[in-house]
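Notes to accompany the following structure.
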Amino acid sequence: MIKSNVYHLSRTEMAQLASEEYARSYWFIIAPVPIFGVLAVIFGTGALQVLGMLAVVWPLSIPARSVLTTTKSSRLFSGGCHVEADDEAVTFLGEYVNEKRLRYVIQISQIKEVIVRRDLLLIRLRLPGIAPIRMNAFETEEDAKAFVDFVNGAVAKRIASAEQASSD
């Protein structure tokens, strides 16, 4: 089992991170919409121009939607939490707040990969979603690398066993 130290992420950091990951993951949808909007405003008339104006400003709603989607998870991260990883799951355990302890368990079967972004490790899920861990939550960089290798190794084992089962 690999265990981290306690770390905190503010609600603002969570929303910014979610916005960045959304833009990175769905850029091929985000880019054409404002382009269509500009063309509709220039060449369209009536309702098409109104739709074009909405398409132009639509990307500006991404940060607001990120704030809304990270509201619940930000309670865990802003209150402080630590991470425990084993062969079955990665568990985020919050610190005790008002005699309650928040807990979020991610099964290895739900994890797509672990990547490094700035000073964070991001656990990317198979369904759209991320779970951030501060790099400084680990004692050394080697511990953080061991965590990444451990989780990515467990994911690789899961994929290999699924492929083995499908070929049988």
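The values are calculated or read from the model by the stated rules, or taken from the named source; none is laboratory data. Small disclaimer: the values here were computed from a predicted structure and weren't measured. Backbone-built Cβ (ideal geometry, glycine too); neighbour counts: all protein chains shown. Heads up: the accessible areas ignore ligands, DNA and RNA and are worked out on the full protein's heavy atoms, side chains in. Shrake-Rupley method; radii C 1.70, N 1.55, O 1.52, S 1.80 Å.
Tell me, please, whether a residue that is exposed (fewer than 12 other Cβ atoms within 10 Å of the Cβ), in contact with a strand residue (DSSP E or B) (Cβ under 7 Å, 6 or more places away or on another chain) and at pLDDT below 90 can be found in the range 2-25. Working first, answer last.
Taking the range 2-25 as the starting set, the residues that turn out to be exposed (fewer than 12 other Cβ atoms within 10 Å of the Cβ) are 10, 24.
In the following step, the residues that additionally are in contact with a strand residue (DSSP E or B) (Cβ under 7 Å, 6 or more places away or on another chain) were identified as none.
Checked the range 2-25: no residue is exposed (fewer than 12 other Cβ atoms within 10 Å of the Cβ), in contact with a strand residue (DSSP E or B) (Cβ under 7 Å, 6 or more places away or on another chain) and at pLDDT below 90.
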Next item on the list: Select from the range 130-146 the residues that are open to solvent by 60 Å² or more (accessible area, probe 1.4 Å) and either closer than 17 Å to MET1 by Cβ or within 19 Å of the chain's Cα centre (by Cα) (or both) and list them in ascending order.
Entry: ASN136, GLU139, GLU142, ASP143, LYS145
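Okay, residues lined up against (1) open to solvent by 80 Å² or more (accessible area, probe 1.4 Å); (2) at pLDDT 90 or above; (3) touching a Pro at 6+ places or on another chain (Cβ under 9 Å):
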residue	(1), (2), (3)
ARG75	yes, no, no
LYS112	yes, yes, no
LEU120	no, yes, yes
ILE123	no, yes, yes
PRO128	yes, no, no
VAL148	no, yes, no
ALA154	no, no, no
Notebook entry, point to check: Assuming VAL50 fulfils every condition listed in (1) β-branched (Val, Ile, Thr); (2) surrounded by fewer than 16 Cβ atoms within 10 Å (Cβ to Cβ); (3) touching a residue at least 24 places away in the same chain (Cβ under 8 Å) apart from one, which condition is it?
Noted result: (3)
Item checked: Candidate set from the range 26-47 (those that are over 27 Å from the mean Cα position of the chain (by Cα) and among the small types (Gly, Ala, Ser)); member that is surrounded by the fewest Cβ atoms within 10 Å (Cβ to Cβ) -> GLY46
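Take the conditions under 25 Å from ILE30 (Cα atoms), polar (S, T, N, Q) and open to solvent by less than 30 Å² (accessible area, probe 1.4 Å) and apply them to THR70. Does it pass? Don't jump to the end; show me each part of the working.
Numbers: under 25 Å from ILE30 (Cα atoms): yes; polar (S, T, N, Q): yes; open to solvent by less than 30 Å² (accessible area, probe 1.4 Å): yes.
Spelling it out, THR70 is indeed under 25 Å from ILE30 (Cα atoms), polar (S, T, N, Q) and open to solvent by less than 30 Å² (accessible area, probe 1.4 Å).
Given the residues VAL33, VAL38, VAL114, VAL97, which is the only one that is of a type in the set (A, V, I, L, M) and under 30 Å from ALA162 (Cα atoms)?
On the way: VAL33 fails: under 30 Å from ALA162 (Cα atoms); VAL38 fails: under 30 Å from ALA162 (Cα atoms); VAL97 fails: under 30 Å from ALA162 (Cα atoms).
Among VAL33, VAL38, VAL114, VAL97, only VAL114 is of a type in the set (A, V, I, L, M) and under 30 Å from ALA162 (Cα atoms).
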Next item on the list: State whether one or more residues within the range 144-162 are assigned to a helix (DSSP H, G or I), closer than 29 Å to THR69 by Cα and touching a His at 6+ places or on another chain (Cβ under 9 Å).
Entry: no
Note to self: Every residue in the range 77-109 that is among the aromatic types (Phe, Trp, Tyr) and crowded, with 16+ Cβ neighbours inside 10 Å, please.
What the structure shows: PHE77, PHE92, TYR104
